[in-house]
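I have placed the structure first, in the form of structure tokens, so that the comments after it can refer back to it.
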């Protein structure tokens, strides 16, 4: 059995987890679940970095003993990861006895090999990011020296101490040789170029101890010093692998398959200092270090020191409130949003309105649409005793579209996850979601049911259900709860293996199906204000679960007063948001007797049919409209004309006596939302 060892950084415990730390940990969890689904043995570690000067100061500021403080904060991180669905991982703390022993043994080995020496240190130190800087790296500005990494930190402190140094300068050439000999060891590629440039500028020896302040790993045989927090922290990866006492475990798991880190600790620490430390100790560098980007808040990097970070659990609570979903489903939606919204590796800007759009559009409407429509049609047409919600119809050799597409999408999803392209994997999955909805819209099972074509109807619905089952496999690493709920509705209870996506007709014919309940209820705009109070720190009031809204609602931006523009009365965004535009497919069209201008249309919105009266008889022959996709106002109040009910309005443009119906330029499924 192949093995896969992946790690996150260990996180400072000077404050609670935020969305930046969650981003890395959830990415690791997704990749760990993917590799487990492929049958690999996985070791996944995360944890807390507890020996920093700023941690000691944070405890003192709260009037707490530092041990009591770090114990409590480590518990907060463990709780956050449990609540966010992070599964089956090792949690390492640098204050643990096993890590202290590993840190001291590692220090001894480098000292014995001559790569650690004692000397005088005078330079500038940032408590915020626990980093030493030479004077030329941190020029003085207005009488102070700001941190080059994060200027919002307190000014750098001048430090003069007798310390121990690691001879990093000896390893520049070896590091470049390692990078050149191992394509893909540093990702993304553009970050590797930063590393190479940094090394070629010349590496300096690194101060790796501080004068003892009562909190840190003591330097072996020198109680006057503690090991510098970064030297200490990096060693956690081999502590988890079994260093120094479990040689069998080290042989099995080291070198690590993947270190996931943020870009701020990528170049200096994980791609230069850490591999050089390993080379000095006679150990192999990791196989791959991946540096991802940052989530920004209104264009500013989120950080604890700025106080502008978002707590992931509060975000899930907010989403639960505004959508009326369960907490696990809200959590899954957060997981989806974080990795669909921006390429993993680049920076992105967090926006609650974007989260609402993704929830309503991608999840409630697109993902929920195909499964719910197919299950509802089965429920209406294939019910028997013992299967009140319907039974799985038999397969049909005539239906092949989704079956043929699945291997292509599977290859794309697999390749993207192997390349740590999480957005690419989700994009491929949603291409299949669109194909599933398009298939149902075009095969129109409701029409087959009305025509009494039961065998053909069974084949179409079975094909759609198989497509939904395949989706549950690909979704399982990213949205494990939603995947299992979809599988339960399909009558499945097992956790899928990755290769299940390549099996077709795996559903058991005649097996009872679950109740077709929407997994992602659409967000009720009226709940957004309550949710915003949660995000601002106010205690939320009790809110009853919302009934699914008829259509996904757009985000709630700040309303602005309508203005007048060039003689046209403008409206606010809230006014426009009230209009629900959907793609409709014309099923039939005929003239209204004794009405020269009216056509009586029957249209499909995917999961329902409606009648519409349209003043198009002067411009279109009825038979030319059948099968056409049009744009429809779907929430217009019904009205009665000529004894007939009109349940919507089609959009058309008019100029110079000509009328043209608006229609999408690609074959979107009936019911698709226009935004």
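Counting only residues that are closer than 19 Å to residue 674 by Cβ, modelled with pLDDT of 65 or more and either surrounded by fewer than 20 Cβ atoms within 10 Å (Cβ to Cβ) or in contact with a helix residue (DSSP H, G or I) (Cβ under 8 Å, 6 or more places away or on another chain) (or both), the range 573-590 holds 9 of them. Taking (1) farther than 26 Å from residue 217 by Cβ; (2) at pLDDT 95 or above; (3) not in a helix (DSSP H, G or I) in turn, residue 152 satisfies each apart from (2). Between 344, 309, the distinction of being in contact with a strand residue (DSSP E or B) (Cβ under 9 Å, 6 or more places away or on another chain), farther than 23 Å from residue 484 by Cα, at pLDDT below 85 and surrounded by 20 or more Cβ atoms within 10 Å (Cβ to Cβ) belongs to 309 only. When we screen 478, 517, 473 for residues that are more than 30 Å from residue 310 (Cα to Cα) and within 20 Å of the chain's Cα centre (by Cα), the only hit is 473. Summed over the range 512-529, residues that are part of a loop (DSSP other than H, G, I, E, B) and either farther than 15 Å from residue 374 by Cα or in the same structural domain as residue 379 (by TED's automatic domain parsing) (or both) total 5.
Matching residues to (1) under 36 Å from the mean Cα position of the chain (by Cα); (2) assigned by TED's automatic domain parsing to the domain that holds residue 287; (3) within 22 Å of residue 111 (Cβ to Cβ); (4) assigned to a loop (DSSP other than H, G, I, E, B):
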| residue | (1), (2), (3), (4) |
| --- | --- |
| 171 | no, yes, yes, no |
| 178 | yes, yes, no, no |
| 194 | yes, yes, no, no |
| 199 | yes, yes, no, no |
| 233 | yes, yes, yes, no |
| 238 | yes, yes, yes, no |
| 244 | yes, yes, yes, yes |
| 252 | yes, yes, no, no |
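Given the structure, is residue 669 at pLDDT below 85, under 22 Å from residue 442 (Cβ atoms) and touching a helix residue (DSSP H, G or I) at 6+ places or on another chain (Cβ under 7 Å)? Taking the combined requirement at face value, the residue satisfies it.
From the set of residues in the range 31-66 that are more than 17 Å from residue 237 (Cα to Cα) and in contact with a helix residue (DSSP H, G or I) (Cβ under 6 Å, 6 or more places away or on another chain), which is surrounded by the most Cβ atoms within 10 Å (Cβ to Cβ)? So, considering only residues that are more than 17 Å from residue 237 (Cα to Cα) and in contact with a helix residue (DSSP H, G or I) (Cβ under 6 Å, 6 or more places away or on another chain), the one surrounded by the most Cβ atoms within 10 Å (Cβ to Cβ) is 52. Here is the figure for the range 378-401: residues that are buried (at least 24 other Cβ atoms within 10 Å of the Cβ) and assigned to a helix (DSSP H, G or I) total 1. Filtering the range 176-196 to residues that are loosely packed, with under 15 Cβ neighbours inside 10 Å and under 20 Å from residue 279 (Cα atoms) leaves 176, 177, 180, 181, 182, 183, 184. Being in the same structural domain as residue 203 (by TED's automatic domain parsing), part of a helix (DSSP H, G or I) and closer than 30 Å to residue 42 by Cα narrows it down to one residue among 75, 85; which is it? Answer to the check: 75.
The values are calculated or read from the model by the stated rules, or taken from the named source; none is laboratory data. Computed from a predicted model, the values in this text were never measured in an experiment. Cβ: placed from backbone, ideal geometry, glycine included. Neighbour counts: every protein chain shown.
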